[in-house]
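The values are calculated or read from the model by the stated rules, or taken from the named source; none is laboratory data. The model shown is predicted, which means the values in this text are computed figures rather than measured ones. Here the Cβ positions follow ideal geometry from the backbone for every residue, glycine too, while neighbour counts run over all protein chains shown. Heavy atoms of the whole protein, side chains included, go into the accessibility calculation; ligands, DNA and RNA do not. Shrake-Rupley method; radii C 1.70, N 1.55, O 1.52, S 1.80 Å.
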Amino acid sequence: MPRPVPGPGALAAYIQTGARDARIAYRELDERERLAYGDTVRRVYATAVAHHFGGPAEGDALEEFIERVEARHPHYRGGVKRVLRATAEKGKGMEPRQVLTAQHLVIREIAKLHPGFRSRAERIVEAASRTLVGAGPGSPADDPEFTGTDVDRIGSVTVALDGTLQDLALHRGAERLGGKLIAACLIRAWVEAEKQRWDYADLLGKHDAFPRIGSGKGGGDTARWEAYSETGLSRATVDRYGRMRDLVFMRTALFGEDGRHGLAADVGEAVTAAQHRLYSSW
């Protein structure tokens, strides 16, 4: 039997057959396609839970269902329990791959209990994925970007609709500041860019697995991914949504021959590496 093509088709095949190859096919997708796939799974998961419980998943019905899934998948019972009890609505405290695995298992179990849901798998997945950004990088016209700047106009950050870093710049005056102030300015710039991104993504229904920044929905989640630039000067840390949460300079001498432009490139390299580490953990 040929391996399923990664993406929505593989998800529909998994719902219908429970084949492991279909469940893990998404791991072959590139980073940006994987983000879109994660949004699709989240929507199908919400649809499946609503279909099974007919309302909020709670009480004895929830506990009985948890026991059913745990009995069938004992190795994954911790993740399944946390996701179903909504204590990990956005994966708090869990690796992205753990969340996706738990959601897949719940979807499949519900499909086995409801033949109608299983038979409509292709339509359900299509409805859940049709509003997402198409697979692949896309053209600039199809993939808007969002730029934020700190109040002192020291730094600016540009992110794509999926939250990936597109550009990072330092402006005149940055050379007079120390590392901590530069880092703070860039993080504030990121927050401004993220606010724009989220509002637009929410309007279009694209990449909506991100909670709105400042909403408190990610509160208490300490999952972080960090990476260094090739020079070792910059260490950037991102959260599970790829948003820069910390930036540390490992030396006091920040500016070389290329001045602020060189430093900005170094920071951007560290952020991109940290995002790559995050997306590779799916």
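Assorted remarks:
- Difference of contour (0.36 nm per residue) and Cα-Cα distance, A184 to R277: 31.2 nm
- Linear extension gain, R68 paired with V191, 0.36 nm per residue minus alpha-carbon span: 40.1 nm
- For the chain: Kirkwood Rh in Å [reciprocal of mean 1/r, alpha carbons]: 20.2
- Converting phi to 3J(HN,Hα) with the Karplus coefficients 6.51, -1.76 and 1.60 and the offset θ = phi - 60°, the stretch 257-270 yields 4, 8, x, 5, 5, x, 5, 4, 5, 5, 5, x, 5, 5 Hz in sequence order, with x at every glycine or proline.
- Estimated vicinal HN-Hα couplings, Hz - the stretch 184-190 in sequence order (Karplus 6.51, -1.76, 1.60; Gly, Pro = x): 4, 5, 5, 5, 5, 4, 4
- Modelled FRET efficiency - R0 45 Å, F53 with V5, Cβ distances, 0.05 increments: 0.90
- Nearest-10 value in Å² for the accessible area of K112, using the 1.4 Å probe: 70
- Distance (nanometres) between label positions extended 7 Å along Cα→Cβ at D152 and R251: 2.3
- Rolled with a 1.4 Å probe across the full set of protein chains, the surface gives H276 an accessible area near 100 Å².
- Of the residues T101, T17, T149, the one that moves most in a GNM of the chain with alpha-carbon contacts below 10 Å is T17.
- For T231, neighbours were defined as the other residues whose beta-carbon sits under 14 Å from its Cβ, and their charges (Lys and Arg +1, Asp and Glu -1) total -3.
- Once the Cβ-Cβ distance of T231 and S119 is raised to the sixth power relative to R0 = 45 Å, the FRET efficiency obtained is 0.20.
- M250 - accessible surface, heavy atoms, 1.4 Å probe, Å² rounded to 10: 90
- Karplus (6.51, -1.76, 1.60) ³J(HN,Hα), θ = phi - 60°, over the stretch 94-106, in Hz, Gly and Pro reported as x: 10, 5, x, 5, 5, 5, 4, 4, 4, 5, 4, 4, 5
- Modelled label positions at E95 and E31, each set 7 Å beyond Cα in the direction of Cβ, lie 1.8 nm from each other.
- Amide hydrogen neighbours beyond the local backbone of G155, cut-off 5 Å, H modeled: D150, H171
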